[in-house]
Amino acid sequence: MFWAAQVALARVGIRRSEWSHPALQASFVNELIRRRKLYPALLGPHFNRALQLRLDADYRLKGVSQKQASQAVRWAQEFVTTLAKEASHGTKDTDGN
């Protein structure tokens, strides 16, 4: 999801040499879902929740359950598939490519 969101933002001319996970998630939601309405609103909560589960898995003692991990994988598949479909429908970046 992290890399797919970076590509989606870059396609509309929003590029950074380095992204933090929270900044990328916020930029994706604010710019591509809320402002430009390029992607379904449901992707925002999925992206946010997947980030939270990743943080829980990596940094918190409670970790995540198998059920939560499976859900995160489904969200990631939906997220990447949706972004790939949009890219294949001819969305041009700001350079016209």
Output the residues belonging to the range 7-25 that are open to solvent by 40 Å² or more (accessible area, probe 1.4 Å) and outside any loop (DSSP other than H, G, I, E, B). Val7, Arg11, His21, Pro22
Kindly provide the set of residues from the range 58-80 that are under 19 Å from Ala5 (Cβ atoms) and open to solvent by 50 Å² or more (accessible area, probe 1.4 Å), ordered by number. Asp58, Gln71, Val73, Arg74, Gln77, Glu78, Val80
Looking at the range 46-70, I want the residues that are more than 20 Å from Ile33 (Cβ to Cβ) and have a partner that is assigned to a loop (DSSP other than H, G, I, E, B) and modelled with pLDDT of 90 or more with Cβ atoms under 7 Å, at least 6 apart or on another chain. Which pairs are those? Asp56/Val64; Ala57/Val64
Quick check: anything in the range 11-25 in contact (Cβ under 8 Å) with a residue 60 or more places away in the chain and at positive phi? yes
Yes/no for Ala84 being aliphatic (A, V, I, L, M), open to solvent by 40 Å² or more (accessible area, probe 1.4 Å), within 15 Å of Ala8 (Cβ to Cβ) and in a helix (DSSP H, G or I): yes
When the range 35-50 is examined, which residues are found to be touching a helix residue (DSSP H, G or I) at 6+ places or on another chain (Cβ under 8 Å), surrounded by fewer than 18 Cβ atoms within 10 Å (Cβ to Cβ) and in a helix (DSSP H, G or I)? Asn48, Arg49
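The values are calculated or read from the model by the stated rules, or taken from the named source; none is laboratory data. Note that the structure is predicted; figures quoted are calculated from it, not measured. Glycine gets a Cβ as well: all are built from the backbone with ideal geometry, and neighbour counts include every protein chain shown. For accessibility, only protein heavy atoms count, side chains too; no ligands or nucleic acids. Shrake-Rupley method; radii C 1.70, N 1.55, O 1.52, S 1.80 Å.
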